[in-house]
Amino acid sequence: MPATVAIVDDHRLYRQALTNFIRHSVGYKVLLEAENGNDLLNQLLRADKTPDLALVDLHMPGMDGFETTARLRQLYPAIRVLIVTISDRKEDVVQAIRSGAHGYLVKGQPDDLLKAMYDVITMGYHFPISLTSAKGDGQRSSLEKRQKAEDQLTDQEMTFVRMACSELTYRQLADKLGISLFALEQYRESVFVKLKVRSRVGLVMEALRRGWITL
């Protein structure tokens, strides 16, 4: 049977992208989606089944990831908690561990997420060494690759990418940029081709992976 997963993140587009990614990954099934800890706990009260794993963002309005983790460990100890966040601060890692998290992952590569999920479910923990060690040449190399990829896009296309990774409609984006909807669609098509993505959700995931946006 596939492992069941709850996704807890206040950013709707990222939550949708993550849900779609997991649904197309062998061995996992998304059981619940929630925008914060309060939403998750309310859904769990009504649910017939609890998930095996909860992917929890740290910084959310209402009940944040630390409190959500602590409440899950208290009320639903069988649910394993993997923190998935943009923060790589050691203080946050330590606080997450103290709250009872089984794992910690900085948002980015989908393959890293699958490994972290597998580790937490099979071994009971996942805490990358990179979060507790000095950052050196490897990080600079990653930054250089990110800059090279960013150079492929024009300034207007980069502006489109950052604004498209929001909940605005394309019509609203065109109005904010002061261009026609047709011109916006030309930017979109060019960006999709250059980044090799097929949808707006895919664009969000790719922009997050490259470090162009934070959620």
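So in segment 103-130, with the set limited to residues that are more than 12 Å from the chain's Cα centre (by Cα), crowded, with 18+ Cβ neighbours inside 10 Å and farther than 13 Å from GLY65 by Cα, which one is modelled with the lowest pLDDT? Checking each candidate, the answer is PHE127.
Considering only residues of segment 73-102 that are charged (D, E, K, R) and not in a strand (DSSP E or B), which is surrounded by the fewest Cβ atoms within 10 Å (Cβ to Cβ)? Looking at residues that are charged (D, E, K, R) and not in a strand (DSSP E or B), I get GLU91. Among the candidates ILE79, ILE97, ILE86, the residue that is more than 29 Å from GLU167 (Cα to Cα), touching a residue at least 40 places away in the same chain (Cβ under 8 Å) and among the β-branched types (Val, Ile, Thr) is uniquely ILE79.
The condition of being at pLDDT 90 or above, part of a helix (DSSP H, G or I) and closer than 28 Å to GLY202 by Cα does not hold for ALA70. Scanning segment 35-43 for residues that are in contact with a Gly (Cβ under 7 Å, 6 or more places away or on another chain), surrounded by fewer than 19 Cβ atoms within 10 Å (Cβ to Cβ) and in a helix (DSSP H, G or I) turns up at least one hit.
All conditions in (1) out of contact with any Lys or Arg (no Cβ under 7 Å at 6 or more places or on another chain); (2) under 26 Å from ALA207 (Cβ atoms) hold for ALA78, with the sole exception of (2).
The values are calculated or read from the model by the stated rules, or taken from the named source; none is laboratory data. No experiment lies behind these values; they were computed from the predicted model shown. Because the Cβ atoms are built from the backbone with ideal geometry, glycine has one as well, and the counts that use them run over all protein chains shown.
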